[in-house]
Amino acid sequence: MDNKKPNIAVLIVAAGSGERFGAGIPKQYQPLLGRPILNWSVDIFSQHADIKSVYVAIHPDHAERFAAVAPAIPALHGGGTRQQSVLKGLEEIARRDKPDYILIHDAARPGLSSDLITDICNALKNNDAVIPGLPVVDTIKRASADGVKTESRDNLYAIQTPQAFKFDTILALHRMHADKSLTDDAALCEIAGPSVKIIAGEKGNFKVTHAEDLALMEQSIAARCGDIRTGTGYDVHRLIEQTGRKLMICGIELPHSHVLEGHSDADVGLHAITDALLATICDGDIGMHFKPTDARWKNADSAKFLRHAADLIAAQDGIISHVDVTIICEAPKIGPHRDAMRAKIGEILALPLNRVSVKATTTEGLGFTGRREGIAAEAVATVRLPFTSRPVLRDDDIRKWGT
Ligand code: CTP
Ligand code: MG
């Protein structure tokens, strides 16, 4: 890899039918801590600074499901086996893009951390094929007609995804060996390809295969993200006569005699939630990230500010559990718009409706809100962060193992 930042893309394979999992809904669309399994890896790759684009290979029958959970991500059609899904995905990426490197990841591994992605991208600086693995710790025995025999576990690794390769190399290998039946992509390099570097995988990056793995994955992520943070946010904007502006509250345009004054769209509700989220990671406030003097934010859609706060949390492998906002005003009436507001906030933060609360109150004619001079909003956000960003094996182990 030269010094110029390489174009690294990701192909997430999600075209399987999850037969061993055995549920009505394919496993990659099953909820994991409230979010579909597939979304965990889509989101973690999408917000990673080293990754330029994310593609997902889906089963054509799942197109509607996929569009509902990840509308912004290009869906490619997979094939009848994992290997065929990878090849079809790579061919389609080659038609659309020219990445230098590709990471190939199983949607069924939602528990990877952004540190693992960083480690893999760093290892590509000195290697053309990089895979994560964990040394086998259990005693290994082979059962056959001759009885049970203990095998040496020396130098044995349990291999995970994402697996990273030079794009052109792995595409050529997949094309050349489409007739072989292989369980991972690095196996192609063993037939005829670059030497493979194993780096430290993560215990939490196991594959959800059977139904009971889902509960284990939930426990694993919940335990990793056991640092529960609460943040509050408060915002006020002045009400002014109509000036051609719209009155925006929680991302919804409300018909009213007055509008809110401000540099951006003055969405008091989204501003309060943004500050509450920033507070959970102790990262200042909205004005610090988006200066009110900056012309770029003139009349800006405040959804952008809220999304930015969510991205900062995602960059720390954090999870937004819940947001609650109270709008304080005499008018307009918030109640009729409450559900539209919840849906909009949920859409911006990729949260289900049961994790977004919107309330409203008057102040009984008292104070500036009572005199209808302005509207206030206060918000509370609950976020789960990892206690440490390096939960398992680290650099020393990587060096010790070599390949
Ligand atoms: N996969 C794929 N295309 C296939 C088969 C599998 O993209 N034709 C993907 C799966 O969606 C999964 C990954 O490859 O993300 C690993 O496969 P596996 O865990 O075996 O998932 P399934 O094939 O869905 O499950 P099963 O084998 O139990 O049916
Ligand atoms: Mg399978």
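The values are calculated or read from the model by the stated rules, or taken from the named source; none is laboratory data. A quick note: this is a predicted structure, and the numbers were derived from the prediction, not measured. Quick reminder, even Gly has a Cβ in these numbers, built from the backbone with ideal geometry, and neighbours come from all protein chains shown. For accessibility, only protein heavy atoms count, side chains too; no ligands or nucleic acids. Shrake-Rupley method; radii C 1.70, N 1.55, O 1.52, S 1.80 Å.
Observations on the structure shown:
- Yes/no for Ala70 being free of Cβ contacts under 8 Å to residues at least 60 places away in the same chain and under 19 Å from Arg109 (Cα atoms): yes
- Unique residue being in a loop (DSSP other than H, G, I, E, B), more than 9 Å from ligand 1 (Cβ to nearest atom) and free of Cβ contacts under 8 Å to residues at least 24 places away in the same chain when the list is Lys4, Lys98: Lys4
- Top-ranked residue of segment 69-95 - restricted to ones that are within 12 Å of ligand 1 (Cβ to nearest atom) and β-branched (Val, Ile, Thr), ranked as least open to solvent (accessible area, probe 1.4 Å): Val86
- When the test is whether a residue is modelled with pLDDT under 95 and either surrounded by 14 or more Cβ atoms within 10 Å (Cβ to Cβ) or part of a strand (DSSP E or B) (or both), Arg238 does not pass it.
- Glu64 vs. criteria assigned by TED's automatic domain parsing to the domain that holds Ser220 and within 16 Å of ligand 2 (Cβ to nearest atom): no
- Selection of segment 355-387 for residues being loosely packed, with under 14 Cβ neighbours inside 10 Å and under 19 Å from the mean Cα position of the chain (by Cα) yields only Phe387.
- Taking every residue in segment 165-186 that is farther than 22 Å from Gly133 by Cα and pairing it with any residue that is open to solvent by 60 Å² or more (accessible area, probe 1.4 Å), at least 6 positions away or on another chain, the pairs with Cβ-Cβ distances below 8 Å are His177/Ile191; Ala178/Gln84; Lys180/Ile191.
- Evaluation of Arg296 against (1) in a strand (DSSP E or B); (2) surrounded by fewer than 14 Cβ atoms within 10 Å (Cβ to Cβ) (one fails), failing number: (1)
- Residue count for segment 80-95, restricted to those that are within 12 Å of ligand 2 (Cβ to nearest atom) and closer than 9 Å to Ala57 by Cβ: 1
- Of all residues in segment 19-48 being free of Cβ contacts under 8 Å to residues at least 60 places away in the same chain, outside any strand (DSSP E or B) and farther than 18 Å from Ile93 by Cβ, the one that is nearest to ligand 2 (Cβ to nearest atom): Glu19
- Residues of segment 172-202 classified as farther than 17 Å from Thr81 by Cβ, out of contact with any strand residue (DSSP E or B) (no Cβ under 8 Å at 6 or more places or on another chain) and at pLDDT 95 or above, total: 1
- Scanning segment 43-68 for residues that are buried (at least 17 other Cβ atoms within 10 Å of the Cβ), modelled with pLDDT of 95 or more and of a type in the set (Gly, Ala, Ser) yields Ser53, Ala57.
- Flag if Ala75 is in contact with a helix residue (DSSP H, G or I) (Cβ under 7 Å, 6 or more places away or on another chain) and within 21 Å of Ala187 (Cα to Cα): no
- Within segment 255-269, one or more residues are part of a helix (DSSP H, G or I) and touching a helix residue (DSSP H, G or I) at 6+ places or on another chain (Cβ under 8 Å).
Conditions (1) under 21 Å from Arg355 (Cβ atoms); (2) touching a helix residue (DSSP H, G or I) at 6+ places or on another chain (Cβ under 9 Å), marked per residue:
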| site | (1), (2) |
| --- | --- |
| Ala222 | yes, no |
| Arg245 | no, no |
| Asp275 | yes, yes |
| Cys282 | no, no |
| Phe305 | yes, yes |
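- In summary, Ile252 fulfils each of the numbered conditions (1) open to solvent by less than 10 Å² (accessible area, probe 1.4 Å); (2) farther than 18 Å from Leu33 by Cβ; (3) touching a helix residue (DSSP H, G or I) at 6+ places or on another chain (Cβ under 7 Å); (4) aliphatic (A, V, I, L, M) with the single exception of condition (1).
- The residues on offer are Asp339, Asp311, and the sole one that is open to solvent by 20 Å² or more (accessible area, probe 1.4 Å), more than 24 Å from Leu254 (Cβ to Cβ) and part of a helix (DSSP H, G or I) is Asp311.
- Test: Asn122 is more than 25 Å from Thr209 (Cβ to Cβ), touching a residue at least 12 places away in the same chain (Cβ under 8 Å) and open to solvent by 40 Å² or more (accessible area, probe 1.4 Å): no
- So Ala72, is it assigned to a helix (DSSP H, G or I) and either among the hydrophobic types (A, V, I, L, M, F, W, C) or not assigned by TED's automatic domain parsing to the domain that holds Pro162 (or both): no
- Check on Thr230, within 16 Å of ligand 1 (Cβ to nearest atom) and either touching a residue at least 12 places away in the same chain (Cβ under 8 Å) or of a type outside the set (A, V, I, L, M, F, W, C) (or both): no
- Qualifying positions in segment 131-147 - open to solvent by less than 80 Å² (accessible area, probe 1.4 Å) and in a strand (DSSP E or B): Ile131, Pro132, Gly133, Leu134, Pro135, Ile140, Ser144, Gly147
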